[in-house]
Amino acid sequence: MNWREQMEDEIELKVWRLAQQSCETAAFVRLIEKGVDSFRRNPGYDPLLRLHASGIGVDSIRVLREVLKRRGIYAGPTAGYVELRSHLNMHLRGHLQLHLMEAGQATEEMKADQLGRDLGL
């Protein structure tokens, strides 16, 4: 893993944790539901990846598993992590990051990352 990928992973974990901490439980559930509901999968290969409770937090994993289950999306065999497609993961991360930006709670690192994404860098 190169330094850019490592930074991306670190920002993703921070986005998940800050989004969960910035909302009451019901609001966080609605935020995740909205993110999952707004996702549209494109045809083609989309690899699975895992989000671990040790990375994004136990509450985030629990909420994400519950939302995915209610939407008929398999989340993996254990409560310690969630298996999801990489494009859904990117969509959810962007959804949460945008929420933090709009709420004025994003860190400078998240703002710079968002600017880079918006500019296609």
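Every number here is computed from the coordinates shown, using simple stated rules; none is lab data. What you see is a predicted model, and the numbers here were worked out from it, not measured in a lab. Glycine also receives a Cβ, built like all others from the backbone with ideal geometry; neighbour counts cover every protein chain displayed.
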May I ask you to say which residue of SER60, SER54, SER22 is more than 12 Å from LEU96 (Cβ to Cβ) and among the small types (Gly, Ala, Ser)? SER54
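Residue check: is ASP113 among the acidic types (Asp, Glu), closer than 20 Å to MET7 by Cα and buried (at least 17 other Cβ atoms within 10 Å of the Cβ)?
The answer is yes for ASP113.
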Going through region 66-87 one residue at a time, which ones are touching a Gly at 6+ places or on another chain (Cβ under 9 Å) and either surrounded by fewer than 19 Cβ atoms within 10 Å (Cβ to Cβ) or farther than 17 Å from ALA26 by Cα (or both)? TYR81, VAL82, GLU83, LEU84
Of everything in region 42-52, what is within 22 Å of PRO77 (Cα to Cα) and in contact (Cβ under 8 Å) with a residue 24 or more places away in the chain? Give them in sequence order. ASP46, PRO47, LEU48, LEU49, ARG50, LEU51, HIS52
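Taking region 55-66 on its own, how many of its residues are in contact with a strand residue (DSSP E or B) (Cβ under 9 Å, 6 or more places away or on another chain) and without any contact (Cβ under 8 Å) to a residue 12 or more places away in the chain? Break it down into steps so the answer makes sense when it comes.
Of all residues in region 55-66, those in contact with a strand residue (DSSP E or B) (Cβ under 9 Å, 6 or more places away or on another chain) come to 55-56, 60-61, 64-65.
In the following step, the residues that additionally are without any contact (Cβ under 8 Å) to a residue 12 or more places away in the chain were identified as none.
Count: 0.
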Got at least one residue in region 29-48 being more than 26 Å from GLU109 (Cα to Cα), out of contact with any Pro (no Cβ under 6 Å at 6 or more places or on another chain) and basic (Lys, Arg)? yes
